[in-house]
Structure formats: C-alpha cells, structure tokens
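Heads up: the structure comes next, in structure tokens.
Quick note: the coordinates plus some simple rules give every number you see, no bench work behind them. Just so we're clear, the structure is a prediction, and the values are computed from it rather than from any experiment. Here the Cβ is made from the backbone with ideal geometry for all residues, glycine too, and neighbour counts use every protein chain on show.
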Amino acid sequence: MRRTKAEAAETRAAILAAAEQMFFEKGVSNSRLEDIATAAGVTRGAVHWHFANKTDLFLELYSAVQLPRINMLDLEQANEKGCDPLAFIEAAALNWLDLLSKDQQRQRMLTILLRTNFTGELERVQVAVDALDAEQTQTLTEMFEKAASLKLLDQQWSARSAALALKWLMKGACWEWLLTGQKYELAEAALGMKTLIASFRKL
C-alpha cells in the first residue's frame, strides 16, 4: 500500500511538472491533456485519475506557489517583539521581492498567469486569483488601520488608499519585470517601495 501511494504521488508530481513547463512554453489554452500526459510519461487516463480537467490541474499548480500571504497573526506576533505595522509591512514586501527574484518556479507561474486569458473553462482560476487579491487587500488595509490607530500613518493617506498604492506598486513592478524579460533588477523596485512606505509614516 505504501508503494502504491508513493507511486501515485510521484505520478501526480510528474504531471504537475510537465503541465507547468507546457503552460509556460505553449500557453494554457494551447496545452492539451494528451500532450501533458506524454511529457509526463504517463497515460491520459492517469492524468484524469488525478485531475478532472485542465482547470483543476492549473488550480493545483497555482495553490502551490501563491503569493506569500501577509496575515494579521504575523503582525500581532511582530507587535509583541516591538515591531510597528509599517516596519512589518516593509519587511514583508522586501521579502516577497527577494523571494520572487530567486524562485524560478514562482516566476514561471506568475508569468503564466499574466499571459493567460481566463475565460470559459478557466474562469474558476480567475475567481481564485480575485479572491486571493481581495483577501490581501483587506489584510493590508487592516494593517494600515492598525498603524493609524497608533498615530503612525500620515493624514494624507487613508488605510485603504495606502493599501491599494502599495499593492499597485508591487504588482506593477513585478509584472513588468516578468513580462519584459527581467531587464532590470528588482532591487530598483525595492527602492521605490521603500520610498512609498516612507511617505506613509507620520513625521
């Protein structure tokens, strides 16, 4: 039984690896399950045993390399160590940029997301992406609200406007970096992000 489970796990991993590479090279809409099966060295039946369709396969890949989550529990733990919300947000954002610059799998998956038209059978992927985006915006807003309650947030910013500005800068910088073939260093985006966060802080 253990061997069977191990073999199933290996097959699933092979399918996911083949799908990721094919989605990156050919695009999601141009990738057929038959081709993914061939690339993975398995039968189409094996692919269908693990995944009902291409959408389920893509969602599995996406869930494995989602954007790092900033959550309120982490912030509360940081507060206990004397870290203010704005410093925590800056550290988390810098960590995300550093992670993206080094993680090629994450780079491939985000590039696939940017290239894909999520209509028809792939609408469920867009729903998942939108849900994560909304969750992160809400979490960032709550963090900036915490900063405001501590008299740290400059009055020119509302909690929501600060959250949106930071999100737009981060996403825009990362998306352009990926779509233009990484023609500049993400450290440049980090400098811009630091400048923006400095404007959030009340002097």
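Using r as the Cβ-Cβ distance of A13 and A198, and R0 as 41 Å, what FRET efficiency do you calculate, to the nearest 0.05?
Efficiency computed from Cβ-Cβ geometry: 0.40.
Measure out, as a whole number of angstrom, how far apart the alpha-carbon centroids of region 87-109 and region 20-57 sit.
A separation of 28 Å, based on Cα centres.
In nm, what is the difference between 0.36 nm times the number of residues separating S149 and Q21 and their Cα-Cα distance?
Between S149 and Q21, full extension yields an extra 41.4 nm.
In degrees between 0 and 90, to the nearest 10, how far off the longest principal axis of the chain does helix 85-102 point, with axes built from Cα atoms?
The two axes meet at around 30 degrees.
Assuming R0 = 25 Å, can you tell me the calculated FRET efficiency for the pair C83 and V127, based on Cβ-Cβ distance, to the nearest 0.05?
Computed FRET efficiency for C83 and V127: 0.15.
How far, in nm, would the chain grow between Q138 and Q156 when pulled straight, counting 0.36 nm per residue and subtracting the alpha carbon separation?
4.5 nm
Take the residue pairs K146/K167; K146/K171; K26/K54; K146/K194; K54/K102; K151/K194 and return only those whose Cα atoms are more than 21 Å apart.
K146/K171; K54/K102
Give, to the nearest whole percent, the P(r) tail of region 65-200 beyond 22 angstrom, counting all Cα pairs.
41
How much length, in nm to one decimal, is gained on full extension between E176 and T119, taken as 0.36 nm per residue of separation minus their Cα-Cα distance?
Going from the current span to full extension adds 18.2 nm.
Taking only Cα atoms, what is the 0 to 90° angle, nearest 10, from helix 123-149's long axis to the longest principal axis of the chain?
Computed tilt is about 20 degrees.
Relative contact order for the chain: what percent, with Cα pairs under 8 Å and sequence separation of 6 or more?
21
Angle between the Cα long axis of helix 54-64 and the longest principal axis of the chain, 0 to 90 degrees, nearest 10?
For helix 54-64, the angle is close to 40 degrees.
Going by average Cβ neighbours within 10 Å, how do the peptides 186-192, 162-168 rank, with the highest at the top?
Highest mean packing first, the order is 162-168, 186-192.
Taking 30 Å as R0, compute the FRET efficiency from the Cβ-Cβ separation of A6 and R32 and round it to 0.05.
The calculated FRET efficiency here is 0.60.
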